[in-house]
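Quick notes on the structure that follows.
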Amino acid sequence: MSDLRSPGQDYFQSKWWKRKDVKQVVVIWIIATALIGYLSSKIQVIAMGNPASETMENVIHLITVFTWASSPVAGFVAALALQALSQKRHHGDNPPPEADHNISSSPRATAVWIIISALLCLFALVVGLIALQKDDQALLDRSAIHVNVTGQQWAWNYDYPGSTGVRSNVLHLPVDQPVVFHVTSKDVKHSFWVVQMGVKIDANPGYVTQTAVTPNEIGTFDIRCAELCGLLHAYMQNKVIVESKADYEKWLASQPDTGHTTWTAEGAIE
Ligand SMILES: [Cu+2]
């Protein structure tokens, strides 16, 4: 073997795929990819609960696709680490022999990795943009009701434009009815997150952001702040009650006029 060749060249000019350590890495890679892909996608979805809107079903689909697309990368890193850690370690005074292969000096390996990561990024960008476009279309639904959402340390309040000044700290929504949220904050940045409906948007002081969803399940679901906003951020959560149209109308009519509805339906702060 010539001393003039770099270790990386040796590695790729020998029949590297027949090496025992390479075969071990490939086997661990396949197992780790399957485990990481399955567990990561399942645990995330279970943690968020059953979907309460079509938007959430799309979000779960997107999470699953992204997780499976990235799990071979995570699986490969895990396989290299596990294979290396499982080898005999050197004990005693004599140093171990230098490694006879060095993949870091191989231009071919570098090129393969750059191409794979570029393709993965492009895939995430295109699929993500397509999903976002669906959310934007929902904002234009003319049959939607409107709710103004105000975040402040550390609570959410909901105003119903067009009602008699109804303000509530529990969100009520009619089932199967599109709703547009106009979201702002009184103090610092928060993030309005209706967990089981797959809706999340920043609440910024001085601005109104908008998002929309159609709840399709009757029940009680979680609303949380998803932006670290101070000491009691973890407690900045309340509930959304999705009910029949009749129950919703009854609830709205039973609420006292608090004089808090200060926005227009378009979301501008008056
Ligand atoms: Cu917060």
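Each value in this text was obtained by applying a stated rule to the coordinates, not by laboratory testing. Fair warning: this is a prediction, and the values are worked out from it, not measured in the lab. FYI the Cβ positions are ideal-geometry reconstructions off the backbone, even for glycines, and counts take in every protein chain you see.
Overview of values
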item	result
Relative contact order (%) - criterion: Cα under 8 Å, at least six apart; region: the chain	19
Percent of alpha-carbon pairs separated by more than 21 Å within the stretch 145-254	29
Mean Kyte hydropathy of -1.0 or more with a Cα span along the axis of at least 27 Å, helices from DSSP in the chain	20-48, 54-86, 107-138
Long-range HN-HN contacts of residue 172 with modeled amide H, under 5 Å	241
Simple spin-label estimate for residue 54 and residue 218 in nanometres, 7 Å along Cα-Cβ	2.1
Cα pair distances exceeding 22 angstrom across the chain, given as percent	67
Sequence-separation-based contact order of the stretch 145-254, relative, with Cα cut under 8 Å and 6+ spacing, percent	29
Charge dipole magnitude, Cβ of K and R +1, D and E -1 - the stretch 15-151, Cα centre, debye nearest 20	680
Residue pairs, from the table 134/189; 42/186; 186/239; 42/245; 42/250; 42/239, whose Cα atoms sit over 29 Å apart	42/186; 42/245; 42/250
Lys/Arg +1, Asp/Glu -1 at C-beta; the stretch 145-254 dipole; positive extreme among 242, 193, 179	193
Hz values of 3J(HN,Hα) by residue in the stretch 195-204 - Karplus curve (6.51, -1.76, 1.60), Gly and Pro given as x	4, 6, 9, x, 10, 8, 8, 5, 10, 10
Set of lysines near residue 88 by C-alpha distance (under 24 Å), chain-local residues within fewer than 8 positions excluded	15, 18, 20, 23
Relative packing of 214-224, 105-115, which averages over residues the other C-beta atoms within 10 Å, highest first	214-224, 105-115
For the stretch 130-203: rounded, prolate or oblate by the Cα gyration tensor [a/c cutoff 1.5]	oblate
